[in-house]
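The values are calculated or read from the model by the stated rules, or taken from the named source; none is laboratory data. These numbers were taken from a predicted model, which means no experiment stands behind them. Positions of Cβ are generated from backbone atoms using ideal geometry, with glycine treated the same way; all protein chains shown enter the neighbour counts. Note: accessible area is taken over every heavy atom of the protein model, side chains too, but ligands, DNA and RNA are not part of it. Shrake-Rupley method; radii C 1.70, N 1.55, O 1.52, S 1.80 Å.
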Amino acid sequence: AAECTPDLTSAGSPARNDQEDWGGNLGFSFRAPRSLVRLQGPVRARLQATSSDTRVCLIRAGTTACTVVADSRRRQLDARLDTGLSQTVVGGASFSYILTDQRALSSRITQYVFTIFAEINFVTGRPQ
């Protein structure tokens, strides 16, 4: 987690920016049951979560109160499964959930992203 509160000046008024970020991930692999599917290698799984909160407020002259002018929050959760389909092909699927919340603007956007992919690795040249 990271947090910073630098003092700024905006339009002649002192401003304060508070930001807090954190993230974490977990990765592991497992063998799929042969009764369900026959794979050459293990299935690799990765889960990742991130969060970011940013708030900006202005301190009006003659007061110590800080008026919030921007309040942005973002949450993201990613999950990915992949496995080697052959010596040169890796295939899998990923899912992402993204929430962006602009509280000062009363705007909230939710995104869901689902991807199926294949990565093909080519090796050129000859071993020395």
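First measure r as the distance between the Cβ atoms of LEU77 and LEU36, then evaluate 1/(1 + (r/R0)^6) with R0 = 25 Å and state the FRET efficiency to the nearest 0.05.
After rounding, the FRET efficiency stands at 0.45.
What number comes out for accessible area per residue over the chain if the probe is 1.4 Å? Units Å², please. Could you put the intermediate results ahead of the total?
Values: 9410 Å² over 128 residues.
The answer is 74 Å² per residue.
Report the accessible area of THR64, computed with a 1.4 Å probe over the heavy atoms of all protein chains in place, in Å² rounded to the nearest 10.
Per-residue accessible area (THR64): approximately 140 Å².
May I ask you to list the residues of region 84-116 whose amide nitrogen lies under 19 Å from a point 7 Å from Cα along the Cα→beta-carbon direction of THR63?
Once the point is set 7 Å along Cα→Cβ of THR63, 104-105 turn out to lie under 19 Å by backbone N, inside region 84-116.
Based on the Cα gyration tensor of region 49-119, what are the three equivalent ellipsoid semi-axes, each the root of five times an eigenvalue, rounded to whole Å and given largest first?
Details: eigenvalues 367, 25, 9 Å².
Ellipsoid half-lengths, sorted descending, are 43, 11, 7 Å.
Across 5 Å bins from the origin, how do the percents of Cα pairs in region 86-128 run, short distances first?
6, 15, 14, 12, 11, 10, 8, 8, 6, 5, 3, 2, 0
Report the extension gain between ALA104 and LEU47 in nm, rounded to one decimal, defined as 0.36 nm multiplied by the number of residues separating them, less their alpha carbon distance. Could you put the intermediate results ahead of the total?
Numbers: separation 57, 0.36 × 57 = 20.52 nm, distance 3.06 nm.
Computed gain between ALA104 and LEU47 is 17.5 nm.
Ranked from highest to lowest mean number of other Cβ atoms within 10 Å per residue, what is the order of the peptides 27-37, 81-91?
Working: 27-37: 9.5, 81-91: 14.6.
In decreasing order of mean packing, 27-37, 81-91 become 81-91, 27-37.
Return the ratio Rg/(2.2 N^0.38 Å) for region 20-62, where Rg is computed over Cα atoms only.
Working: Rg = 22.0 Å, N = 43, 2.2 N^0.38 = 9.2 Å.
Region 20-62 yields a ratio of 2.40.
How long, wide and thick is the chain, going by the Cα atoms along their three principal axes, in whole angstroms, largest first?
Computed over the Cα atoms, the extents are 71, 42, 21 Å.
Report, to the nearest whole %, how much of the accessible area of region 21-113 belongs to carbon and sulfur atoms, 1.4 Å probe, protein only.
Details: 3510 of 6240 Å².
That fraction is 56 percent.
Expressed in nm to one decimal, what extension gain is obtained for the pair SER29 and TYR112 from 0.36 nm per residue of sequence separation less their Cα-Cα distance? Walk me through the numbers on the way to the answer.
Working: separation 83, 0.36 × 83 = 29.88 nm, distance 2.45 nm.
Length gained between SER29 and TYR112: 27.4 nm.
Along the charge dipole of the chain, pointing to its positive end and built from +1/-1 on Cβ of Lys, Arg, Asp and Glu, which listed residue (ALA79, LEU36, GLN19) has its Cα farthest out?
Among ALA79, LEU36, GLN19, the one farthest towards the positive end of the dipole of the chain is LEU36.
Mind checking the dipole of region 15-101: about its Cα centre, +1 per Lys or Arg Cβ, -1 per Asp or Glu Cβ, Debye to the nearest 20?
On the way: 12 positive and 8 negative charges, 84 e Å.
Here the size comes out at about 400 debye.
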